[in-house]
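Enquirer: This is the structure I have questions about; it appears just below.
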Amino acid sequence: MKTAGTQNRQRFLMMLTGAFAIFFTGFPHVWSIYQPYITEGTGWTQSQGTMCFYLALSAFVFGNILGGRMQNRFGQRKILFLGGGLLSAGVLMSAFSLVSSPLPMYLTYGVMQGLGQGMMYTVILASAQQWFPDRTGFASGIVVTANGLCGLFMAPLSRQLLEKEGPKATLLTVGVLMAAAWLLSSLFFASPEEKKENTETGVTDENNRCRQYTSREMLHTKQFYFLLATMLFGLISYFMISPISQSYQLELGIPAAAAVSSVMIGSVVNALTRLVLPSLADKVGRIVCVKGVLVIAAAAMILLCFSNSYGATIAVILIYGCYGGIMGSFPSLTSSVFGIRHAGENYGFVMLGIVIATFGTPVLTRMINIGENGMRCVFAAGAVFAAAAFVFIEMLRKTLNKSDRSDDYGIGNNEKTASAGKK
């Protein structure tokens, strides 16, 4: 039996090395820096290059689902090792996929990297929450913050390497760094000791015993669809403004330095909210924090509708922060509702909202952005979607409170949660 001190050292070491590995799962978010260099050298069209990002993001979500399911059968360490190997191999092989056809890049950078990232992400996220069952928000916040910091540090490094060495050497360098992080995390990774069922975080059944939902059971609850809809509609405002955040500010006459700075500051705020908000939610409640994020997102989109100056800059920064708040809060929120035991796979299904928002938002934007005031209409629609997300999270709260005969769901670790199995 390990002492408490040994266990504390072990879990913090696992979190540290795991965060280092998770850092590289944010690599697809700097693809926009690589794309001009790669398309110029290969002759791909802009849409062919952009597809690499979409494939990597989609494969990441399905990697979470696959890895979450496989870890229940084969164990977390094996899936972490498999996912890290797939991720590293995908990026290293992508350096040799810079040919006239984008198909090899789709397989290596898109599918292999994305699946490997998702498998690593789900294992480390689930294990972190299991090591800190009383502070799941703090644990998941550390993990998703590491993911969010990737763009902040990898963007300038990648730009320097691309200018000096070109895309092939840059991808090889990044692939080696990923392999080092993978091996280091695999070396120090340790699953927490088995917890007694009644000490795990999760929803309670009719006998007030903690219930750990499998993904199949979760998919038969309306609470899952409330969570999915909240994530989907809550992220649309970010995907509306993110691709055009700099160009739109320039169109308003805002200086280029301020427009670029807003994105950099937004990235920092994004990372901070991923860390701070989940930890705060451990004390004041997850649903309360998500509601606050959605109110700010709606207000920021309304500000974009009417501002012709630096108000737009402030709104951009707020939207980046709201994106981090949602991505930071949802892992622990999902575990609070459906339990820790199958947290990785369950959260993978909830993240399908990201895939839908990613592919659906550009189509939606093109449909709305018509006429002289097209972009203002787009921003107004973003505010409406944020409000819709608020409605769905409130519906989730009401269904949980109703079945639990309590109105304090989501206010902290001492909360009594409802049975999500009742429809």
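Enquirer: Got a sec to turn the phi values of region 314-327 into Karplus ³J(HN,Hα) couplings, 6.51 cos²θ - 1.76 cosθ + 1.60 with θ = phi - 60°, whole Hz, x for Gly and Pro?
Expert: Couplings: 4, 4, 4, 4, 5, 5, 4, x, 5, 4, x, x, 5, 5 Hz.
Enquirer: Further question: Of [x] 22.4; [y] 20.1; [z] 25.6, which is the value of mean projected area of the Cα convex hull in nm² derived from the coordinates here?
Expert: Here mean projected area of the Cα convex hull in nm² agrees with entry [y].
Enquirer: Let me ask something else about it. So what are the ³J(HN,Hα) numbers for region 65-82, from phi and the Karplus equation (6.51, -1.76, 1.60; θ = phi - 60°), rounded to whole Hz, Gly and Pro as x?
Expert: Once θ is set to phi - 60°, the couplings for region 65-82 become 5, 5, x, x, 6, 6, 5, 5, 9, 9, x, 5, 4, 5, 6, 4, 5, 5 Hz.
Enquirer: Compute the distance in nm between two label points, each set 7 Å from the Cα along the Cα-to-Cβ direction, one at VAL260 and one at TYR225.
Expert: For the pair VAL260/TYR225, the computed spacing is 4.8 nm.
Enquirer: Assuming R0 = 56 Å, what is the FRET efficiency of VAL384 and LEU103, from their Cβ-Cβ distance, to the nearest 0.05?
Expert: 0.90
Enquirer: In terms of modelled amide H atoms, which long-range or inter-chain residues lie less than 5 Å from the amide H of ARG211?
Expert: Answer set, sorted by chain and number: VAL203, THR204, ASP205.
Enquirer: How large is the accessible surface per residue of region 11-148, computed with a 1.4 Å probe and reported in Å² as a whole number?
Expert: Details: 4810 Å² over 138 residues.
Spelled out: the 1.4 Å probe surface of region 11-148, per residue, equals 35 Å².
Enquirer: Need one word for region 285-367: rounded, prolate or oblate. Basis is the Cα gyration tensor (sqrt eigenvalues a ≥ b ≥ c); a/c below 1.5 gives rounded, then a/b vs b/c decides. Could the numbers behind the result be given before it?
Expert: Details: a/c = 3.42, a/b = 1.69, b/c = 2.02.
Judged from the Cα gyration tensor, region 285-367 comes out oblate (a/c at least 1.5, b/c at or above a/b).
Enquirer: Quick one: go through region 11-28 and flag any residue whose amide nitrogen is under 14 Å from the point 7 Å out along the Cα-to-Cβ line of ARG77.
Expert: 14
Enquirer: Can you list the HN-Hα couplings for region 29-34, worked out from phi with the Karplus curve (6.51, -1.76, 1.60; θ = phi - 60°), rounded to whole Hz and with x for Gly and Pro?
Expert: Residue by residue, region 29-34 yields 6, 9, 4, 4, 6, 6 Hz.
Enquirer: To continue, here is another question. Using Cα pairs under 8 angstrom and six or more residues apart, how large is the relative contact order of the chain, in percent? Write out the running numbers ahead of the final one.
Expert: On the way: 776 pairs, mean separation 94.2, N = 423.
Here the relative contact order equals 22 percent.
Enquirer: Could you give the nm distance between label points at LEU252 and LYS168, where each point is 7 Å from its Cα heading toward the beta carbon?
Expert: It is 4.4 nm.
Enquirer: Shifting gears a bit: Between region 146-179 and region 215-290, what's the alpha-carbon centroid distance in Å?
Expert: 24 Å
Enquirer: Calculate what fraction, in whole %, of the accessible area of the chain sits on carbon and sulfur atoms when a 1.4 Å probe is rolled over the protein chains. Working shown, then result.
Expert: Numbers: 11490 of 17650 Å².
Taking all protein chains in place, the chain shows 65 percent carbon and sulfur surface.
Enquirer: Which residue, SER158, SER215, SER307, has the most motion in a Gaussian network model of the chain that connects Cα atoms within less than 10 Å?
Expert: SER307
Enquirer: Next up: Please work out the FRET efficiency for the pair CYS377 and VAL295, using the Cβ-Cβ distance as r and a Förster radius of 22 Å; give the result to the nearest 0.05. Could the numbers behind the result be given before it?
Expert: Working: r = 21 Å, r/R0 = 0.97.
Approximately 0.55, to the nearest 0.05.
The values are calculated or read from the model by the stated rules, or taken from the named source; none is laboratory data. From a predicted model like this one, the values you see are computed outputs, not experimental measurements. In this analysis, Cβ positions are derived from the backbone assuming ideal geometry, glycine residues included, and neighbour counts consider all displayed protein chains. Quick note on the areas: whole protein, heavy atoms, side chains included, nothing else; ligands and nucleic acids left out. Shrake-Rupley method; radii C 1.70, N 1.55, O 1.52, S 1.80 Å.
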